[in-house]
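Written out below as structure tokens is the structure these notes cover.
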Amino acid sequence: MFWDQEAETMGRGGLEQLQLRRLKATVRRVYERVPFYRQKFAEAGLQPRHITSLADARRLPLTTSADLREQYPRGLVAVDATELARLHTSSGTTGKPKGLFFSRKDVDRAAELMARCLVMAGLGPGGILQNMMTYGMFTGALVMHYGAEKVGLLVIPSGPGNSEKQLLLMQDFGTTAIHTTPSYALYFADYLEKKGIDPRRELSLRQGFIGAEPYSEETRRKIEQGLGIDVYNSYGLSEMNGPGVAFECAEKHGLHIWEDFFLVEIVDPRTGEPLPDGERGELVLTTLCREAMPILRYRTRDITSILPQPCPCGRTHRRLNRITGRTDDMLIVRGSNIYPQQIERVLMDIPAVGRNYVILLEGLDELTVTVELAGAGFGGQVEKLVRLQTEITDKLRAEIMVKPKVELVAAGTLPVSEGKARRVIDKRSL
Amino acid sequence: MSEVKLVAIFAENKTGQLAAITQALAQAGVNIRWVAIASSEAFGVVKVLVNEPDPACEVLRAKGFMFSLLEVLAIAVEDQPGGLDAVVKTLARNKINLRNASGFVAHGRAVLLIEVESAAKARRILAKKQLHILTQEEVMEF
């Protein structure tokens, strides 16, 4: 099923021609209207006419998250104030937020991409989507909301949290799909288990769009088992519209990124140099159709690679591999580079491990991983728990090359955040 | 005749954890006949023998504790020299490993509680030796 079959299955040659045409227009637009980019071009001795092929994109300046903060509130706006239709912000953990503007057309295009993603996962009229993301300044809920309405779904704007209310809505209105974060999906699965509710028999859920935090294949399986749904990995970032940038098709093998809207590059995170397809590096995106706030070569800080092979689903837009981490998530512990997703992958593959965990760093590089037990896995013997503790320690050590201290706690005792999960606590006094 | 079940509850080694368990059981009107705690560094397992396992499980579930029910063999032995020895020898001869064992004496009679890998096999063997294996109801009458 396609939302826009012509665009989604366009031949590579045509798609690249379209990209080049749109890239040139975007470059001209920011050069003429955005002082920040005009100055960057001047520093690089670059003129819009120098961009004559897609390969020339690498000559364009990179834009960083710090640039977006410095240009807050309106520095990157490329349209008149009267053409602005919506403002979102993306808050960092520190400092100023990023102001993200949409024109009326931008709002519609973001919804259009979202619609492609939803139909790609098999949703259509008659579907009922419970949108459990935070409504407000965050793009996550609203962009999904508009896309879902476009597709013809009934949208329940439940927002996050309050599991009791979420469950009631699902029961009363027959929700068929949910949109949430992996941490809340796991928490909710736990909640159902505690309530003794079998979602397969008592709820109508079929699909879950799970994103906004990176997660592993093992976590996907836990969510699918816990909620009785198909989980579709969903990627987006507020700087690039929010959700709908790249989603999975029914193959569930890589996320199609909409290349008629985004120019995709993978670069070496240390040097910023482009890497060939298949190699892992930082995802860099250029908006090709944005009016209000075009962004050139945005460093997403997300680590992934491009799957160059054609997809059996027929879509010609290339796929991204699952995001394996963020460049700014990387922890350096006793000289080893560790991504929290490595730890997650190990934990979620052990059946006796539950759905939540916390990584704590303190003192001089002491790493403690606190793990919730799976409710069903507790055998009532302390020896079994000690064996499990040893197993987790050994497996983690093999994966991350650092021996962590592993602590076991009862299911449901670690704090759960309703927005993005905070799984890493770094209190090191280094 | 019902088998004797222990309720084994997971607890972190933190102040107040045991109190939270005993308080929950007390509020549910559950009488603890016997208790044992096995602990590792940061966590442990509290095992209790209670007069009524069902309401105990109900209150523990409601309060969010993790627990399991473990089958245990409760054997009545003479409160005199050689009482325990007879049981242990029988098990050893039949290559049955004891996971845990403990006991209590009440009203001049002794009860031995043992956890083994294969409860059914141990039950058969001990019964043949004329040892009396108590039911849940009998244990409570002690």
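The values are calculated or read from the model by the stated rules, or taken from the named source; none is laboratory data. Source: prediction; values computed, not measured. All Cβ positions, glycine included, derive from the backbone under ideal geometry; neighbour counts span all protein chains shown.
Let me confirm something: among A:Gly314, A:Gly335, which residue is loosely packed, with under 15 Cβ neighbours inside 10 Å, out of contact with any Gly (no Cβ under 8 Å at 6 or more places or on another chain), away from chain B (no Cβ under 14 Å) and in contact (Cβ under 8 Å) with a residue 12 or more places away in the chain? Show your work before the answer.
On the way: A:Gly335 fails: in contact (Cβ under 8 Å) with a residue 12 or more places away in the chain.
When all the criteria are applied, what remains is A:Gly314.
Here's a check for you: in the stretch B:72-94, which residue that is among the β-branched types (Val, Ile, Thr) and either exposed (fewer than 12 other Cβ atoms within 10 Å of the Cβ) or part of a strand (DSSP E or B) (or both) is farthest from the other protein chains (Cβ to nearest Cβ)? Please lay out each step first, then the result.
Looking only at the stretch B:72-94, we keep the residues that are among the β-branched types (Val, Ile, Thr), and these are B:72, B:75, B:77, B:87-88, B:90.
Then keep just the ones that are either exposed (fewer than 12 other Cβ atoms within 10 Å of the Cβ) or part of a strand (DSSP E or B) (or both); that gives B:72, B:75, B:77.
Working: B:Val72: 11, B:Ile75: 20, B:Val77: 24 Å.
Taking the candidates together, the pick is B:Val77.
Please work out which residue is nearest to A:Leu408 (Cα to Cα), limiting yourself to the stretch B:45-59 and to residues that are under 16 Å from the mean Cα position of the chain (by Cα) and within 14 Å of chain A (Cβ to nearest Cβ).
Here is the first cut: in the stretch B:45-59, the ones under 16 Å from the mean Cα position of the chain (by Cα) are B:45-54, B:56-57.
Retained after the next criterion (residues that are within 14 Å of chain A (Cβ to nearest Cβ)): B:45-49, B:53, B:56-57.
Details: B:Val45: 12, B:Val46: 15, B:Lys47: 18, B:Val48: 21, B:Leu49: 25, B:Pro53: 26, B:Ala56: 24, B:Cys57: 22 Å.
The residue in question is B:Val45.
Could you tell me which of the residues A:Leu186, A:Leu153, A:Leu168, A:Leu203 is under 24 Å from A:Val353 (Cβ atoms) and away from every other protein chain (no Cβ under 14 Å)? Lay out the reasoning, then the answer.
Details: A:Leu153 fails: under 24 Å from A:Val353 (Cβ atoms); A:Leu168 fails: under 24 Å from A:Val353 (Cβ atoms); A:Leu203 fails: under 24 Å from A:Val353 (Cβ atoms).
Only one candidate passes the filter, namely A:Leu186.
Considering every residue within the stretch A:192-211, establish whether at least one is touching a residue at least 60 places away in the same chain (Cβ under 8 Å), closer than 23 Å to A:Pro415 by Cα and among the aliphatic types (A, V, I, L, M).
no
Looking only at the stretch B:30-44, filter to residues that are in a loop (DSSP other than H, G, I, E, B) and more than 19 Å from the chain's Cα centre (by Cα); which one of those is farthest from the other protein chains (Cβ to nearest Cβ)? Steps first, please.
If we filter the stretch B:30-44 for residues that are in a loop (DSSP other than H, G, I, E, B), which is where we start, we get B:30-31, B:40-42.
Cutting the leftovers down to more than 19 Å from the chain's Cα centre (by Cα) gives us B:40-42.
Working: B:Ser40: 5, B:Glu41: 9, B:Ala42: 5 Å.
Among them, the one singled out is B:Glu41.
Residue by residue through the stretch B:95-142, note down the ones that are of a type outside the set (D, E, K, R) and part of a loop (DSSP other than H, G, I, E, B). Outline the logic, then answer.
If we filter the stretch B:95-142 for residues that are of a type outside the set (D, E, K, R), which is where we start, we get B:96-98, B:100-108, B:110-114, B:116, B:118-120, B:122, B:125-127, B:130-136, B:139-140, B:142.
Residues satisfying the conditions are B:Ile96, B:Asn97, B:His107, B:Gly108, B:Ser118, B:Gln130, B:Leu131, B:Leu134, B:Thr135, B:Phe142.
For B:Leu69, indicate whether it is within 14 Å of chain A (Cβ to nearest Cβ), surrounded by fewer than 18 Cβ atoms within 10 Å (Cβ to Cβ) and part of a strand (DSSP E or B). Spell out how you get there, then give the answer.
Numbers: within 14 Å of chain A (Cβ to nearest Cβ): yes; surrounded by fewer than 18 Cβ atoms within 10 Å (Cβ to Cβ): yes; part of a strand (DSSP E or B): yes.
It is true that B:Leu69 is within 14 Å of chain A (Cβ to nearest Cβ), surrounded by fewer than 18 Cβ atoms within 10 Å (Cβ to Cβ) and part of a strand (DSSP E or B).
Restricting to the stretch B:1-29, name every residue that is charged (D, E, K, R) and either under 30 Å from B:Ala110 (Cβ atoms) or not in a strand (DSSP E or B) (or both). Walk me through it before giving the result.
At the first step, the residues of the stretch B:1-29 found to be charged (D, E, K, R) are B:3, B:5, B:12, B:14.
Selection gives B:Glu3, B:Lys5, B:Lys14.
The rows are residues; the columns are (1) assigned to a loop (DSSP other than H, G, I, E, B); (2) out of contact with any Asp or Glu (no Cβ under 9 Å at 6 or more places or on another chain); (3) in the same structural domain as A:Glu362 (by TED's automatic domain parsing).
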site: A:Leu283; (1), (2), (3): no, no, no
site: A:Thr286; (1), (2), (3): no, no, no
site: A:Leu296; (1), (2), (3): yes, yes, no
site: A:Pro312; (1), (2), (3): yes, no, no
site: A:Gln341; (1), (2), (3): no, no, yes
site: A:Val346; (1), (2), (3): no, no, yes
site: A:Ile350; (1), (2), (3): yes, no, yes
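Quick check on my filter: what residues within the stretch A:319-332 are within 17 Å of the chain's Cα centre (by Cα) and touching a residue at least 24 places away in the same chain (Cβ under 8 Å)? Step through it out loud before you land on a result.
Step one: list which residues in the stretch A:319-332 are within 17 Å of the chain's Cα centre (by Cα), which gives A:319-330.
Of everything in the stretch A:319-332, those that are within 17 Å of the chain's Cα centre (by Cα) and touching a residue at least 24 places away in the same chain (Cβ under 8 Å) turn out to be A:Arg319, A:Leu320, A:Asn321, A:Arg322, A:Ile323, A:Thr324, A:Gly325, A:Arg326, A:Thr327, A:Asp328, A:Asp329.
Take A:Gln389 and decide whether it is outside the structural domain of A:Glu279 (by TED's automatic domain parsing) and either of a type in the set (Phe, Trp, Tyr) or farther than 30 Å from A:Val119 by Cα (or both).
Numbers: outside the structural domain of A:Glu279 (by TED's automatic domain parsing): yes; either of a type in the set (Phe, Trp, Tyr) or farther than 30 Å from A:Val119 by Cα (or both): yes.
For A:Gln389, the condition - outside the structural domain of A:Glu279 (by TED's automatic domain parsing) and either of a type in the set (Phe, Trp, Tyr) or farther than 30 Å from A:Val119 by Cα (or both) - is met.
Exactly one of these conditions fails for A:Glu279: (1) in contact with a Leu (Cβ under 6 Å, 6 or more places away or on another chain); (2) at pLDDT below 95. Give me its number.
So A:Glu279 meets the others, but not (1).
Of a type outside the set (Asp, Glu), assigned to a strand (DSSP E or B) and within 14 Å of chain B (Cβ to nearest Cβ): does that describe A:Leu360?
In short, yes.
Could you give every pair whose Cβ atoms fall below 6 Å, whose first residue belongs to the stretch A:368-387 and is more than 9 Å from chain B (Cβ to nearest Cβ) and at negative phi, and whose second residue is surrounded by 19 or more Cβ atoms within 10 Å (Cβ to Cβ) and part of a loop (DSSP other than H, G, I, E, B), counting only separations of at least 6 or pairs across chains?
Taking only residues 6 or more apart or on different chains, the pairs are A:Val369/A:Pro404; A:Glu372/A:Ala411.
Quick test of your reading of the structure: A:Gly124 fulfils all but one of (1) over 22 Å from the mean Cα position of the chain (by Cα); (2) farther than 30 Å from A:Ile197 by Cα; (3) small (Gly, Ala, Ser); (4) surrounded by fewer than 16 Cβ atoms within 10 Å (Cβ to Cβ). Name the failing condition by number.
(2) is the only condition that A:Gly124 fails.
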